[in-house]
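Below is one structure; the comments refer to it alone.
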Amino acid sequence: MAVIDIGAAAEDRNSTGAIATFTMVGKANPADDTGTITSVEIWMETEAADVRVGTFSHAGSEVLSTRDYEDLGTVAAGSKQTFSDLDMDVSTGDYIGIQSSSGAIEMESEGGSGYWYKNGDYIPCTSQTFSVAAVQTMSLYGEGATEAPPAGQPYSARVQGVQGMRTWGGI
Amino acid sequence: MIARIEPTGTSVRKGKVQLRFSFYLDPTDARYDEHHIQLPVIPEEGYPGEVDERGNPVDLDDYNNWIEGLPKRWQNNPFHNHFVRVSPDTTDGEIKKLMQDSLAEFYGIWSRNENILKVWQPKREEVGDMSPENIERCELKALDIANRVSSFVEKA
């Protein structure tokens, strides 16, 4: 069972990127194999609520589609936050992205691979055209393994009626 | 060290109730200072300087100087967060046992200064019952737990 990694190291960087109201997908370090992302690391500049992370395929011409995603909830700021036992499908060449209802992520202002961004909630999405920020790097990273996921269709639903939680239907 | 359920990370996934355990360190625990950190108190109106179309500061030096000048507050962040999936029939006692076992496992890795992502190995799970009836039971269970998270605090 081989290890897969995706995204850029979650570390304290020299700048910040507002992720509230935007969906952002890092162009750094696309997935090097096919399997499941089981852990994610993030470093927030300011606390983020309703954080959702996802894996994306790029069809060319800045057109992205979500492959899979997980809801993390609120993510604290000021230190690297790690999350284990997630279950996100990933294929070779995929990218990792993030959206939230508030907050900002640590970002390197230059010298990186850049990221795609689109105003709104686009996790999940199908064949959406994103804009490109050319040189920044987000502190968003994932690891997983090449073992096949269990049989059955994934379903996710948020629980209604809890302050700070979104509600949405299954996929 | 302490384990809590983070209510905002509660959901229904793959026919089961997905819970997020957040683990916190006490001052006497290993590497306490790594997640006991100072944060600037950001005013409600936010950064007053120029931002681009994505809301990011244009002048980084100005932004960083502004951050440095803000009052600070101490905050204790989780040293790790771990997701588990349980059936809607799982008891409070079983959940608390899961929290205790997970806290011990991850603090062990943490205190040995090992990389949690490298040492911890995921275990494959079977998908739960995807029937609408079970999904509804899961949603009710998740809502119940999220509204009673103060009942789920495990210390070690």
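The values are calculated or read from the model by the stated rules, or taken from the named source; none is laboratory data. Since the structure is predicted, the reported quantities are computational estimates derived from the model, not experimental observations. Using ideal geometry, Cβ is built from the backbone for each residue, glycine included, and neighbour counts are taken over all protein chains shown. Protein only, heavy atoms only, side chains kept; ligands, DNA and RNA dropped before computing areas. Shrake-Rupley method; radii C 1.70, N 1.55, O 1.52, S 1.80 Å.
With +1 assigned to the C-beta of every Lys and Arg and -1 to the C-beta of every Asp and Glu, and no other charges, what is the dipole magnitude of region B:46-153 about the Cα centre in debye, to the nearest 20?
The calculated dipole for region B:46-153 is roughly 620 debye.
What spacing in nm lies between the two simple spin-label points modelled at B:ASP61 and A:SER91, each 7 Å away from Cα in the Cβ direction?
Each label point is offset 7 Å from its Cα along the Cβ direction, giving 4.7 nm.
Can you send over the carbon and sulfur percentage of the accessible area for the protein assembly as shown, probe radius 1.4 Å, protein chains only?
For the protein assembly as shown, the apolar C and S fraction of the accessible surface comes to 47 percent.
Compute a Gaussian network model of chain B, connecting alpha carbons closer than 10 Å, and tell me which residue from B:GLN121, B:GLN18, B:GLN75 fluctuates the most.
Maximum fluctuation in the GNM of chain B, among the listed residues, is at B:GLN121.
Between B:ARG112 and A:ALA2, take the C-beta separation as r, use R0 = 22 Å, and let me know the FRET efficiency to the nearest 0.05.
Step by step, r from the Cβ atoms, then E = 0.35.
Under 1.5 on a/c is rounded, so check that first for chain A, then, if it is not, pick prolate when a/b is larger than b/c and oblate when it is not; a ≥ b ≥ c are the square roots of the alpha carbon gyration tensor eigenvalues.
In terms of gyration-tensor shape, rounded.
So, in nm, how far is label A:GLU110 from label B:ASP33 when the simple model puts each one 7 Å beyond its Cα toward the Cβ?
Each label point is offset 7 Å from its Cα along the Cβ direction, giving 3.3 nm.
Given 0.36 nm per residue, what is the gain on full extension from B:THR91 to B:ALA156 after removing their alpha carbon distance, in nm?
Extra length available between B:THR91 and B:ALA156 comes to 21.3 nm.
Please work out the Cα center distance from region B:1-52 to region A:82-103, rounded to the nearest Å.
When both Cα centres are located, 17 Å separates them.
Here are some pairs, B:LYS16/B:LYS118; A:LYS27/B:LYS141; B:LYS72/B:LYS141; B:LYS16/B:LYS155; B:LYS72/B:LYS97; B:LYS16/B:LYS72; which of them have Cα atoms lying more than 29 Å apart in this structure?
Violating the 29 Å Cα-Cα cut-off are A:LYS27/B:LYS141; B:LYS72/B:LYS141; B:LYS72/B:LYS97; B:LYS16/B:LYS72.
Which residue fluctuates the most in chain B, going by a Gaussian network model with Cα springs under 10 Å, if the choices are B:LYS96, B:LYS118, B:LYS16?
B:LYS118
Three principal axis extents, largest first, for the C-alpha atoms of chain B, in Å?
So the extents along the principal axes, rounded to whole Å, are 54, 39, 30.
In µm²/s, what is D for the protein assembly as shown at 10 °C and 1.306 mPa s, where D = kT/(6 pi eta Rh) by Stokes-Einstein and Rh is the Kirkwood radius from Cα pairs?
79
Roll a 1.4 Å probe over the protein chains and send me the accessible area per residue for the protein assembly as shown in Å².
Heavy-atom accessible area per residue stands at 42 Å².
Over region B:1-112, calculate the relative contact order: mean separation of alpha carbon pairs under 8 Å at least 6 apart, over the residue count, as a percent.
34
GluC sites (Glu not before Pro) within region B:61-121: which are DSSP loop residues with at most 14 other Cβ atoms inside 10 Å?
Those that pass, being in a loop and sparsely packed, are B:GLU114.
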